[in-house]
Amino acid sequence: MLFCSGVSAILLQTTAFHYLPWIPDLLLILCVYLGIYHRSAGGAAGAFFLGYGLDTCSGVPVGMNAFAMSLVFAGVTAVSRCLWLTNPVSVLFMVFLAVVLKTSAFLFLGEFGELTEVFQPMVARYVMWDATVAIVLTPLVFTLLYRGEPFDYRV
């Protein structure tokens with residue numbers, strides 16, 4: 001189920017969603033799901049390969065999405081080991097944190113090393129829009145993924 005969801009999300013993000021004004025980041029939501037419910041080496045590999053698959057299909061330099069998704073997985077896993085994340089509000093906060101981590105990774109790796117005063121509000125606006133779209137889609141994606149897994153495999 002997770003593999004099919006990942007492939008579908010990559011295909012949707014690289015083909016169908018480009019006609020929308022804001023592209024929903026389904027892979028980010030999948031990485032947050034992996035970080036909360038699959039805190040293992042398999043979950044880490046899944047997050048890395050989701051990012052790598054997006055790298056190969058989207059045309060960005062190879063490794064940027066793979067690094068960002070691995071960073072999101074590591075951050076969510078570290079927080080979810082310390083906190084009980086069964087409350088929907090805490091899960092939505094984790095999605096917001098994941099958007100900030102991914103954007104920070106892209107800014108760190110990209111050519112945006114020097115953010116001037118003109119770019120800072122634009123980056124903040126992008127983070128807020130991206131976080132809003134991800135937070136709206138999170139309950140739907142989490143419900144579909146959670147119901148599709150066998151009961152004995154859930155954490």
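Trp84 fulfils the conditions (1) in a loop (DSSP other than H, G, I, E, B); (2) in contact (Cβ under 8 Å) with a residue 40 or more places away in the chain; (3) not β-branched (Val, Ile, Thr) except for a single criterion, (2).
Being of a type outside the set (A, V, I, L, M, F, W, C), surrounded by fewer than 21 Cβ atoms within 10 Å (Cβ to Cβ) and over 11 Å from the mean Cα position of the chain (by Cα) is a condition met by at least one residue of the stretch 94-106. Restricting attention to the stretch 1-52 and to residues that are part of a helix (DSSP H, G or I) and among the aromatic types (Phe, Trp, Tyr), the residue that is nearest to Asp130 (Cα to Cα) turns out to be Phe17.
On the stretch given as the stretch 129-152, residues that are surrounded by 12 or more Cβ atoms within 10 Å (Cβ to Cβ) and over 20 Å from Pro88 (Cβ atoms) total 1.
Test Ala66 against the criterion of being over 10 Å from the mean Cα position of the chain (by Cα), surrounded by fewer than 19 Cβ atoms within 10 Å (Cβ to Cβ) and at pLDDT 90 or above, and give yes or no. In short, no.
The values are calculated or read from the model by the stated rules, or taken from the named source; none is laboratory data. Just so it is clear, the structure is predicted and the values come from calculations on it, not from any experiment. A quick note on method: Cβ atoms are made from the backbone with ideal geometry, for glycine too, and the neighbour counts reach across all protein chains shown.
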